[in-house]
């Protein structure tokens, strides 16, 4: 039950031994010199104001409760310099907790999970487990030197700007107190971005959560403000204390509150899915086709990273939508790519080599092949998942006989390799020896997609053992990782920092298992996982520096997905999925949160496609860069900037075109969701059909796929070709059409 927040503001929160306060801080450079606290009780009385004198200046502080609903309280705090002047000064609102423990789960969305309180091994980029001493099945979560609360004795502090998290928020759950706290704020004041600080004392018995303006982090190129009489600044906050629950309760609360200060998303049509697909298909045939080797490369082929990598950054993922390309060239090359990989790049273990360059297949790589035949299990997991999705799409197009038997045999060997790994090790781990299949580095959630892949293998090969291992491994991930609120091991160059890629892969597995078994445990797990995934998704439109690249392009950041806690940038979509699991979860639950989250991700993704008429920096048409930089992790000049390179984000857009309907309608309930960059009105609907008026407000052609079904059909999984074979409405730029769409056949 949520505690009464407004009464806490005056009396304090007893269970968490918390009190609120307000301060004026003077700095020497970026180090606090002096902190003057306002008498909090007076600020929080009915008169709502107090003053304090600082070096001959007089400051006032006042508060206003803006709303109270569902256990949350909106709080507006205004600081004003009434008399005098002040240099190098800032203000803060803080919450000090006296019953603190290092066992508390601390969350800053997209920044810190469990406070990033993990084993830290500083190393140069790209960080990899090069030392054989780290090759152990019981490997602890290991990270680089990223913002974190310390696992060791001594100082422990995280300092961030409000541009670092996906939602400017921070909170915690205290298992020993069975209570928790969540605090949200806005992105900026007139000083720019605000600061977020969590600091523990050396004994780990007390902690302070503070929001400050301007943001001043020690050792960073930040500056405090100069004030003159009459200057003021207001911090907008929303806070909630809750009692009972679990770590998941904190994520559920964040999912519910994440847009409370910014309001619902305001969508802006820019480029329809079809227009984006046209550019990307042309780009892939122009720039990515490797004629000599017979595959679509994942990049521009200058090294192992940019030539071939299975899964992760697009290998044998881009080919799935290209099977439905606009012309025969795309379809033929997609099949050729599939054949090349399935017949030439499988290792003796049954796993597939994770990378290739100029005809050389290697275990895995970044700038050069990894030592010790290291192969990230996520790559072969992605491979198994997408290989079978290719088979299903080919079967729907041409019949099962069009799937070659040697392809099936290779994929079955891969599925058997995962089953063997599970039987030997009781886990999939993060890295295996690609030649032998033996576990090298254990732990992590790197294999999060494998339960989904094995569930699909069960469907295709009718082998019950695949489904049994899928469920057993998913239960391990659920109890060990998801319940702990930390998923890791998705990207190949961040050691085991928390990341969004493993989180969304885990969601895919839970949804696929529910569809495969009908068991409520997997539907419940998927609901929990989806709300954890939401913590990685930007919930509002960031205000970029006006002269930055994204500032000049008026980019809307809602729906961008942060990569991980090490590489602290948002990205245009999920690496590397469409997010259709959220639509499928909505169908299974009726919870609109899931479909709204998907709409944020899918609708805004096409704005990142470089075009002739709207180039993203110097990138050619069809290129998409992975950077959506809200954070200054690469330096202040890179906020709103990118590096000019083609990336995996192109694949996410291609999969969006393939798997996300432009418009989704449940006809008999009158529900409609528009994902594409068009507008639509549901004029009429019944169990047989829906009548829609669709407008294309963009200057590009639209081919809007409308998936229309009834509530009775939601009880069964959505067929694999439901979107590609859906009713398509062609619209010229600016055109409006009224169409009747029949509900899809069962």
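The values are calculated or read from the model by the stated rules, or taken from the named source; none is laboratory data. The structure displayed is predicted, hence computed values, not measured ones. Every residue, glycine as well, gets a Cβ built from its backbone with ideal geometry; the counts of neighbours run over all protein chains shown.
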Fill in: Filter result for residue 676 (surrounded by fewer than 16 Cβ atoms within 10 Å (Cβ to Cβ) and not in a helix (DSSP H, G or I))
no
Discussion item. I'd like the full set of residues that are out of contact with any strand residue (DSSP E or B) (no Cβ under 6 Å at 6 or more places or on another chain) and not in a loop (DSSP other than H, G, I, E, B), limited to the stretch 138-182.
Written reply: 174
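Is it the case, given these coordinates, that residue 68 is modelled with pLDDT of 95 or more, in the same structural domain as residue 232 (by TED's automatic domain parsing), surrounded by fewer than 21 Cβ atoms within 10 Å (Cβ to Cβ) and farther than 19 Å from residue 151 by Cα? Walk me through how you get there before you give the answer.
On the way: modelled with pLDDT of 95 or more: no; in the same structural domain as residue 232 (by TED's automatic domain parsing): yes; surrounded by fewer than 21 Cβ atoms within 10 Å (Cβ to Cβ): yes; farther than 19 Å from residue 151 by Cα: yes.
In short, no.
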Practice prompt. Please state which of the following conditions residue 407 fails to meet, knowing it meets all the rest: (1) outside any helix (DSSP H, G or I); (2) touching a helix residue (DSSP H, G or I) at 6+ places or on another chain (Cβ under 8 Å).
Written response: (1)
Fill in: Matching entry among 704, 665 (being part of a strand (DSSP E or B) and farther than 30 Å from residue 621 by Cα)
665
Worksheet item: Which condition breaks for residue 125 when tested against (1) over 20 Å from residue 483 (Cα atoms); (2) in the same structural domain as residue 210 (by TED's automatic domain parsing); (3) surrounded by fewer than 21 Cβ atoms within 10 Å (Cβ to Cβ)?
Response: (2)
Fill in: Verdict on residue 740 being more than 28 Å from residue 611 (Cβ to Cβ), more than 28 Å from the chain's Cα centre (by Cα) and buried (at least 20 other Cβ atoms within 10 Å of the Cβ)
no
Practice prompt. Kindly state which helices (runs of 4 or more DSSP H) lie completely within the stretch 424-538 and contain at least 3 residues that are touching a strand residue (DSSP E or B) at 6+ places or on another chain (Cβ under 9 Å).
Written response: 500-517
Worksheet entry | Unmet criterion (only one of (1) in contact (Cβ under 8 Å) with a residue 40 or more places away in the chain; (2) over 14 Å from residue 737 (Cβ atoms); (3) part of a strand (DSSP E or B)) for residue 684 | (1)
Worksheet item: Do we find a residue being over 17 Å from residue 745 (Cβ atoms), surrounded by fewer than 17 Cβ atoms within 10 Å (Cβ to Cβ) and free of Cβ contacts under 8 Å to residues at least 40 places away in the same chain anywhere in the stretch 706-722?
Response: no
Fill in: Some residue of the stretch 85-97 being surrounded by 14 or more Cβ atoms within 10 Å (Cβ to Cβ), within 33 Å of the chain's Cα centre (by Cα) and assigned to a loop (DSSP other than H, G, I, E, B)
no
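Within the stretch 238-247, which residues are surrounded by fewer than 19 Cβ atoms within 10 Å (Cβ to Cβ) and on the phi < 0 side of the Ramachandran plot?
243, 246
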Item to complete: Report whether or not residue 597 is at pLDDT 95 or above, in contact with a strand residue (DSSP E or B) (Cβ under 7 Å, 6 or more places away or on another chain) and within 24 Å of residue 321 (Cα to Cα).
Response: yes
Worksheet item: Can you tell me which of 52, 58, 77 is touching a strand residue (DSSP E or B) at 6+ places or on another chain (Cβ under 8 Å), assigned to a strand (DSSP E or B) and closer than 20 Å to residue 13 by Cβ?
Response: 77
Worksheet entry | Count of the stretch 24-56 residues which are modelled with pLDDT of 95 or more and either surrounded by 19 or more Cβ atoms within 10 Å (Cβ to Cβ) or in contact with a helix residue (DSSP H, G or I) (Cβ under 7 Å, 6 or more places away or on another chain) (or both) | 3
Worksheet entry | Of all residues in the stretch 522-541 being over 20 Å from residue 459 (Cα atoms) and over 16 Å from the mean Cα position of the chain (by Cα), the one that is surrounded by the most Cβ atoms within 10 Å (Cβ to Cβ) | 525
Response to the item:
Checking 333, 344, 378 in turn, the sole residue that is without any contact (Cβ under 8 Å) to a residue 40 or more places away in the chain, in contact with a strand residue (DSSP E or B) (Cβ under 8 Å, 6 or more places away or on another chain) and either more than 30 Å from residue 279 (Cβ to Cβ) or surrounded by 22 or more Cβ atoms within 10 Å (Cβ to Cβ) (or both) turns out to be 344
Discussion item. Restricting to the stretch 539-567, name every residue that is outside any strand (DSSP E or B) and in contact with a strand residue (DSSP E or B) (Cβ under 8 Å, 6 or more places away or on another chain).
Written reply: 543, 550, 555, 557, 559, 560, 562, 563, 565, 566
Response to the item:
Of the residues in the stretch 263-289 that are under 24 Å from the mean Cα position of the chain (by Cα) and surrounded by fewer than 17 Cβ atoms within 10 Å (Cβ to Cβ), the one that is farthest from residue 607 (Cα to Cα) is 263
